[in-house]
Structures are given as C-alpha cells and as structure tokens.
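Report on the following structure.
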Amino acid sequence: MAEQAIDLSKMTISDEVAVQISNMNKWYGQFHVLRDVNMTVHKGERIVICGPSGSGKSTLIRCINRLEEHQSGQIVVDGTELTNDLKNIDKVRSEVGMVFQHFNLFPHLTILENCTLAPIWVRKIPKREAEETAMHFLSKVKIPDQAHKYPGQLSGGQQQRVAIARSLCMRPRIMLFDEPTSALDPEMIKEVLDTMISLAEEGMTMLCVTHEMGFAQAVANRVIFMDKGQIVEQNSPREFFNNPQSERTKLFLSQILGH
Amino acid sequence: MTEFTPFVRKDMLEPRDPPGNQQGPIAWARENLFSGPMNTVLTLLGILAVGWLALHIIPWLMHSVWNANSLSECRAIIAQTWGPDATGACWAMVRERWHQYVFGFYPMDLYWRPTLAFLLMLVAIAPVLYQSLPRKMMWFTALYPFICYWLLWGGTLWAPIVVLAGFGLFALAFRFAAPKLGVPVSAGLGLLAAAVWWLFVQTPLSTALNGIIPLSIRDVDSDQFGGFLLSIVIGITAISASLPMGILLALGRKSDMLLVKSLSVMFIEFIRGVPLITLLFTASLLLQYFLPPGSNFDIILRVIILVTLFAAAYIAEVIRGGLAALPRGQYEAADALGLDYWQAQRLIIMPQALKISIPGIVSSFIGLFKDTTLVAFVGLMDPLKGITAVVRADINWKGIYWEPYIFAGTIFFLICFGMSRYSMWLERKLKTDHR
Ligand SMILES: Nc1ncnc2c1ncn2[C@@H]1O[C@H](COP(=O)(O)OP(=O)(O)OP(=O)(O)O)[C@@H](O)[C@H]1O
Ligand SMILES: [Mg+2]
C-alpha cells in the first residue's frame with residue numbers, strides 16, 4: 001500500500017473543529033463500554049481507529065452520528081451538540097456519512113435509487129439533479145454502468161463502493177467508516193481502499209475503524225488505539241507503528257503485524 | 001508414498017454445454033413417482049384413492065339436469081334418463097336462482113347498479129395490483145369508494161360528496177399541523193376534525209344541498225343486500241382498510257412509546273383472543289351504546305368495521321414477523337442517511353417487510369374473505385348459508401343439498417385461488433435480492 005501513500009505535506013488540516021468529544025461515557029446496561037473519551041477532530045483530518053475486538057471502536061464512531069446514545073459528556077459535531085433533540089440529530093446525520101462493514105444497501109432499490117433516496121427525501125433535491133449527482137459519484141467509485149442493477153447483483157467490493165457513493169451523494173462534511181473492508185475478499189479490499197484514498201486526497205474529514213495497517217500508514221494523519229473502552233494511545237502513524245509507547249499497544253501491534 | 005506428475009496447464013478449456021438430461025414423461029415419472037418401493041406404493045395408493053372418488057363423483061356430475069322447475073322434476077328426469085337408481089346433480093336450481101346468489105334481495109330492476117359498481121371496481125383495483133399501469137389511475141381508485149357507495153345504496157349524491165369533504169378536511173388539518181406537530185399528533189387532530197364533521201355536519205349539509213340541487217337515485221336498504229354482493233362489499237372494504245391499519249398496529253407494537261405500545265399489544269391480543277362471531281354479536285350492542293341515541297348504525301357498516309379490526313390484528317402480527325426478519329443494518333443505514341422515522345418506515349422498512357409478509361398477508365385476506373360468510377349469524381344473507389336457506393325454504397327446492405354448496409364453494413374457490421396466484425406472481429416480481 002505504501003506506494004500509494006499520498007503526499008501528506010500537501011494535505012491541509014484546518015484549525016476548524018469538526019467533532020469535539022469531551023468526557024464522554026457510555027454504558028450498555030451495567031457494562032461500561034466507553035470510558036471518559038476525549039477527542040478533537042479537525043477539518044481535513046484522517047483518523048484511523050484500531051484496537052482489539054470488543055474495545056468499543058464501533059460504539060465510539062456510532063455515537064458520533066447518534067446511532068448509539070451516550071449517557072454523559074458532550075459530543076459536538078460541526079457546531080451542533082448531540083442531545084435528545086431530534087432536529088439536531090437529523091441535522092448531524094445529514095452532515096455525517098457512514099459506511100458499514102456489511103454495506104447495508106437497500107436491497108429493494110436499484111443502485112441509482114439507493115444513491116438518490118436520501119438527497120431527494122432529506123435534502124429535498126429535485127429527482128433529476130439527484131440522479132446527476134448520483135451518477136457523478138458512481139463514476140467516481142468506478143461503477144456508473146451498474147446504476148440500474150440491484151445490490152444483490154453486485155460483488156461485495158462493488159457494493160461497498162456503492163455504499164460510499166451513497167453517503168457521498170448527501171455531500172457530507174465528515175465520513176465515518178466502520179471496518180469497511182472486513183467483509184471483503186483480498187482482491188476487493190484494494191478497490192475499496194483505493195476509493196477511500198482518493199476521498200482522503202480531496203480533503204474529506206475521515207474517521208475510520210480498520211485493521212488495514214497499510215492504509216493507516218499511507219493515509220492517516222493520526223492513529224488512535226483503543227482498549228477496554230478507552231483511548232490508550234494516539235500518535236502519528238510513523239510514531240505509532242515504529243515507536244509504540246504502551247505495553248498494550250506493543251502487544252496488539254505484534255499480534256496484528258508480527259506472527 | 002503416492003507418486004504424482006507435475007502438471008502445468010498450457011491452454012485453458014472452453015466452456016461446454018451440459019450433457020443432455022434424460023427428459024420426457026417416462027423419465028419424469030420414474031424419477032418422481034416410482035423412484036423406490038415406498039414411493040411406488042404411495043403412488044399406487046394415490047391413484048386408487050383418486051379413482052375411487054372419481055367413480056362416485058363423475059356419474060353424479062354426468063347426470064346433471066339443467067332444465068327443471070323443481071327438485072322432484074329433476075329427480076324424475078334423472079330416473080327417466082339414467083334408470084331408477086341413478087344419482088345426478090340438479091343444476092336447474094342454480095339456473096333459476098343464480099341471481100339471488102349474486103345479488104341477494106337487491107331490487108331486480110336495479111341490478112345494473114351493483115354490476116356497474118363491480119366493473120368500476122375492476123378498474124379501480126387494477127392500478128393497485130399492477131404497478132405498470134399509469135399512476136394517474138389512482139385518482140379514480142381514491143374516488144371509487146364514494147362512487148361505489150352511491151351506486152349500491154343510492155340516495156343523494158351529496159352524501160358521499162360531503163363525506164369526501166370530511167377527508168379533505170382531514171388532509172388539510174394534517175398538512176398544516178404535520179410540519180409543526182409531527183405525524184401522529186397531526187393525524188389525530190385531522191381525524192378529530194373529520195369525525196366532528198361527519199357526526200354533526202354530514203347529515204344537515206347533505207340534506208340541505210340536496211334541497212338546492214337534487215341529485216338522488218332510489219334508496220336501497222342494507223337488508224336487501226345479500227349473496228356475493230354482500231361478501232364482496234364486506235370483503236373488499238375490509239381488505240383495503242385492514243392493511244393500513246395492520247401496518248400501524250405492527251409499528252405501534254414495536255414503538256418506543258409505552259402508551260402506544262401497550263395499546264397496540266392490548267388491541268391485538270384482545271381481538272385475536274376472541275372469536276369473530278362473538279365480536280359480531282356484541283358489537284351491535286356496544287356500538288349502539290356509544291353512538292348518539294336514535295342514530296341507527298347500519299348493520300353492514302358495523303360488520304365491515306368489525307371484520308376490518310379482526311383482520312387488522314392478524315395482519316399486524318404477520319407484518320411484525322416481516323419486520324423482525326429485516327436486518328438491523330437497514331434501520332441503521334436509513335438513520336445514518338438522515339431519514340426521519342416515517343420516511344424510513346415508508347421508503348425502506350415497510351417495502352421490504354411487506355414483501356416478506358406477502359404470503360401471510362394474503363392468507364389473512366383469504367381467511368377474511370371466507371369469514372364474510374359468518375355474517376349469517378347476525379341475520380345477513382351470506383351466499384353460503386343465508387341464500388341457501390332461502391332457496392331451500394322454497395317448496396320446489398326443498399331437500400336440495402350438495403348443489404348450492406358446490407356452486408357457492410366454487411365461486412369462493414375461484415376468488416381465493418385468484419388471490420393466491422396473484423400473490424405468487426407479486427412475490428416473483430418483487431424479488432430483487434437475487435440470492
Ligand atoms: N447493543 C449492545 N448491547 C450490549 N452490549 C453491546 C452492544 N453492542 C456492543 N456491545 C458490547 O460493547 C463492547 C464494544 O462493542 P463494539 O462493537 O464497539 O466493539 P468493537 O471494538 O467495534 O469490536 P469489533 O472489532 O469486534 O467490531 C463489546 O464488548 C460488545 O459486546
Ligand atoms: Mg466493530
């Protein structure tokens with residue numbers, strides 16, 4: 001993956017804050033999943049979150065668009081605080097795109113309809129315009145010719161690229177990825193990662209849960225390591241991989257990279 | 001130790017056609033009917049049973065009599081033609097009384113009205129059943145209930161128009177309130193406005209309007225309805241009303257709001273736990289109790305409401321099954337895209353849940369349609385028991401037994417079988433998951 005490394009020096013990270021999480025805690029019943037999480041994401045940042053299974057990575061990024069509710073602390077996305085106010089939640093969700101491990105395309109709609117549904121109903125964009133935008137993003141993820149097929153007729157990699165295009169059609173300012181390549185065969189992983197890399201090159205703010213360490217090294221400006229619901233270590237990719245500080249991180253890296 | 005020769009393929013193989021299968025009836029029969037001793041025995045037993053049945057039924061059907069004025073005349077003809085011991089079917093009864101099976105006691109000179117209503121119904125249903133038809137036809141579908149009501153019951157045309165205005169009021173109230181108050185509250189408000197309109201404005205206004213511009217056709221009373229006219233009126237109305245109601249109940253049962261949830265659960269469990277006949281009996285008492293004194297609540301409308309509630313409870317459970325079969329990811333994707341609850345339900349969740357539930361929903365519909373014969377218990381002339389009793393009360397047809405049931409049963413079968421085939425067609429058409 002390294003040969004695809006994007007020129008990080010050219011990437012600008014602004015001072016503007018995209019996501020601000022302060023002292024956030026979350027429980028599932030009695031189980032304390034997220035513990036005192038503090039995190040500031042600036043516009044244009046590309047953050048990779050990694051950690052062992054069950055460490056709360058998914059839960060953390062799902063809190064950012066309120067698919068999960070946090071019980072204490074504060075989450076502010078693009079200036080809007082997430083509370084029980086449905087208006088705020090809908091506002092945040094239309095600004096934040098999310099890509100899931102299992103794609104979650106709508107199987108009863110064609111690829112094009114998958115991509116135009118939310119723009120038409122949430123953004124109230126005329127159908128024609130929404131279709132043009134959709135075709136634009138479908139070409140960008142390199143599957144414009146599949147627009148009139150159903151998701152079930154596409155390969156996993158193609159489906160995941162459609163899912164990315166579907167999110168992009170809402171013109172989000174922040175993209176969340178939850179293990180976007182974990183359900184894919186190696187051949188398809190590359191096509192999805194390429195799509196994500198080109199997204200990063202355009203300056204999209206990205207938070208990405210992934211175990212693709214090559215991707216992290218090439219694209220991320222920051223790697224966050226989580227364990228037991230806490231942020232254990234965060235650093236630039238170079239430092240993180242070459243010079244991990246905590247014992248837990250060293251163990252994790254040796255398991256995932258070593259053998 | 002096994003030996004092997006290293007191997008590298010030089011040129012790739014081209015795809016070839018599969019070997020020709022053994023086809024033809026004999027191969028088919030060997031594979032499906034006589035594949036083993038057990039299967040062979042079962043096949044032979046089956047053939048015997050069918051043969052035995054045919055031996056008894058076919059002569060009876062072969063000795064059909066179509067022209068006679070009474071059962072005794074039928075029997076005389078059969079004895080004369082096929083010998084004294086022969087049995088035969090006396091279809092002459094159907095020939096003489098078919099119109100009662102179809103229209104009940106609807107005035108004979110007005111048969112054109114239900115007939116026209118039936119033909120228009122086919123036009124109204126078509127765009128619902130076949131999505132490929134122009135969507136504009138739905139406007140007629142929306143108006144059809146009012147036209148149908150007027151054609152069947154007669155009276156002033158102003159009555160259905162004023163009822164329609166009540167729906168307009170509902171839509172208006174909903175339209176204005178929905179952006180501020182949300183879907184459920186504004187739907188309630190609209191319903192309230194419409195109910196007030198129907199209860200207090202309806203009758204005076206339509207009478208007054210008819211006084212100014214009289215637009216009346218002859219009244220036909222509900223107790224003149226009967227036969228398949230009655231079954232179809234109750235069946236179709238209850239089917240079209242119970243589906244939306246079932247959807248709402250299913251959503252209510254899954255709702256986070258405790259009140260909505262417990263009301264839905266109570267309603268569903270109560271209705272499902274009580275036999276339809278009990279509901280039919282008690283409803284006449286209860287409804288009289290709640291309505292303003294003096295208002296005579298039409299018996300057919302009463303039955304339609306109950307049958308609808310009954311079917312809705314079952315359909316709600318069928319749809320709940322469909323909802324449970326949807327992966328959580330579908331809800332999450334809809335949420336993540338910013339769709340609100342009603343949009344997500346309407347655009348993502350329901351289309352898929354309903355598709356999964358088609359077989360169950362259609363089963364409920366078929367059950368509902370056959371249950372319309374239970375209205376015999378509240379004194380209505382259903383085609384199976386009510387009309388048959390009337391026919392048998394005639395001295396000419398006293399003692400006739402199989403023919404009326406076979407006749408009515410065949411029509412029920414054709415309609416229900418039609419529904420079943422349609423649902424299978426729809427399932428195939430909607431299959432987009434390609435798994
Ligand atoms: N809905 C839920 N109810 C109760 N516990 C849950 C729920 N969802 C997740 N958990 C628990 O919360 C913990 C964190 O889950 P999460 O999915 O965030 O982990 P993760 O880091 O994404 O792991 P993975 O790499 O396996 O995806 C896990 O122990 C999980 O069992
Ligand atoms: Mg996860």
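The values are calculated or read from the model by the stated rules, or taken from the named source; none is laboratory data. Fair warning: this is a prediction, and the values are worked out from it, not measured in the lab. Note that each Cβ is placed from the backbone with ideal geometry, even for glycine, and that neighbours are counted across all protein chains shown. Side chains are part of the model used for accessible areas, which takes the heavy atoms of the whole protein and leaves out ligands, DNA and RNA. Shrake-Rupley method; radii C 1.70, N 1.55, O 1.52, S 1.80 Å.
Scan the stretch A:21-65 residue by residue and report those that are away from ligand 2 (no atom under 15 Å from the Cβ) and hydroxyl-bearing (Ser, Thr, Tyr).
Selection gives A:SER22, A:THR40.
Tell me which residues, restricted to the stretch B:109-135, are among the aliphatic types (A, V, I, L, M) and open to solvent by less than 40 Å² (accessible area, probe 1.4 Å). Walk me through how you get there before you give the answer.
Filtering the stretch B:109-135 for residues among the aliphatic types (A, V, I, L, M) gives B:110, B:116-117, B:119-126, B:128-129, B:133.
Across the stretch B:109-135, the qualifying residues are B:LEU110, B:ALA117, B:MET121, B:ALA124, B:ALA126.
Could you go through the stretch B:427-434 and let me know if any residue there is in contact with a Lys or Arg (Cβ under 9 Å, 6 or more places away or on another chain), away from chain A (no Cβ under 14 Å) and assigned to a helix (DSSP H, G or I).
Scanning the stretch B:427-434, I find no residue that is in contact with a Lys or Arg (Cβ under 9 Å, 6 or more places away or on another chain), away from chain A (no Cβ under 14 Å) and assigned to a helix (DSSP H, G or I), so the answer is no.
Looking at (1) open to solvent by less than 30 Å² (accessible area, probe 1.4 Å); (2) within 21 Å of B:LEU374 (Cα to Cα), which is the only condition B:ASP221 fails?
So B:ASP221 meets the others, but not (1).
Checking the conditions here, which among B:ILE299, B:ILE319, B:ILE305 is open to solvent by less than 40 Å² (accessible area, probe 1.4 Å) and either within 10 Å of chain A (Cβ to nearest Cβ) or under 20 Å from the mean Cα position of the chain (by Cα) (or both)?
The match here is B:ILE319.
Please work out which one of (1) more than 14 Å from chain A (Cβ to nearest Cβ); (2) surrounded by 13 or more Cβ atoms within 10 Å (Cβ to Cβ) is the condition B:ALA336 fails and give its number.
Failed condition: (1).
Considering only the stretch B:234-248, how many residues are out of contact with any Leu (no Cβ under 7 Å at 6 or more places or on another chain) and either open to solvent by 20 Å² or more (accessible area, probe 1.4 Å) or farther than 21 Å from B:THR308 by Cβ (or both)?
9
Would a scan of the stretch B:66-77 turn up a residue that is of a type outside the set (Asp, Glu), exposed (fewer than 13 other Cβ atoms within 10 Å of the Cβ) and part of a helix (DSSP H, G or I)?
no
Yes or no, residue by residue, for (1) closer than 24 Å to A:GLU239 by Cα; (2) away from ligand 1 (no atom under 11 Å from the Cβ); (3) part of a strand (DSSP E or B):
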{"residue": "A:SER14", "(1), (2), (3)": "yes, yes, no"}
{"residue": "A:ASN23", "(1), (2), (3)": "no, yes, yes"}
{"residue": "A:TRP27", "(1), (2), (3)": "no, no, yes"}
{"residue": "A:THR40", "(1), (2), (3)": "yes, yes, yes"}
{"residue": "A:VAL48", "(1), (2), (3)": "yes, yes, yes"}
{"residue": "A:LEU60", "(1), (2), (3)": "yes, no, no"}
{"residue": "A:LEU67", "(1), (2), (3)": "no, no, no"}
{"residue": "A:HIS70", "(1), (2), (3)": "no, yes, no"}
{"residue": "A:ILE75", "(1), (2), (3)": "no, yes, yes"}
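Quick test of your reading of the structure: A:LEU193 fulfils all but one of (1) open to solvent by 10 Å² or more (accessible area, probe 1.4 Å); (2) more than 12 Å from every other protein chain (Cβ to nearest Cβ); (3) in contact (Cβ under 8 Å) with a residue 40 or more places away in the chain; (4) more than 16 Å from ligand 2 (Cβ to nearest atom). Name the failing condition by number.
(1)
Collect the residues in the stretch A:43-68 that are aliphatic (A, V, I, L, M) and away from chain B (no Cβ under 13 Å), keeping them in residue-number order.
A:ILE47, A:VAL48, A:ILE49, A:LEU60
Within the stretch B:394-409, track down each residue that is open to solvent by 60 Å² or more (accessible area, probe 1.4 Å) and assigned to a loop (DSSP other than H, G, I, E, B).
B:LYS398, B:TYR401
Identify, from the list A:ALA165, A:ALA183, the residue that is among the small types (Gly, Ala, Ser), within 16 Å of ligand 1 (Cβ to nearest atom) and either closer than 28 Å to A:SER14 by Cα or open to solvent by 40 Å² or more (accessible area, probe 1.4 Å) (or both).
Result of the check over A:ALA165, A:ALA183: A:ALA183.
Taking the criterion of being touching a residue at least 24 places away in the same chain (Cβ under 8 Å), on the phi > 0 side of the Ramachandran plot and open to solvent by less than 60 Å² (accessible area, probe 1.4 Å), would at least one residue in the stretch B:151-172 satisfy it?
Within the stretch B:151-172 (the criterion being touching a residue at least 24 places away in the same chain (Cβ under 8 Å), on the phi > 0 side of the Ramachandran plot and open to solvent by less than 60 Å² (accessible area, probe 1.4 Å)), the answer is yes, since at least one residue qualifies.
Would it be correct to say that B:LEU354 is of a type outside the set (Phe, Trp, Tyr), within 14 Å of chain A (Cβ to nearest Cβ) and touching a residue at least 24 places away in the same chain (Cβ under 8 Å)?
So B:LEU354 passes the test.
So is A:MET206 touching a residue at least 60 places away in the same chain (Cβ under 8 Å) and more than 16 Å from ligand 2 (Cβ to nearest atom) or not?
Spelling it out, A:MET206 is indeed touching a residue at least 60 places away in the same chain (Cβ under 8 Å) and more than 16 Å from ligand 2 (Cβ to nearest atom).
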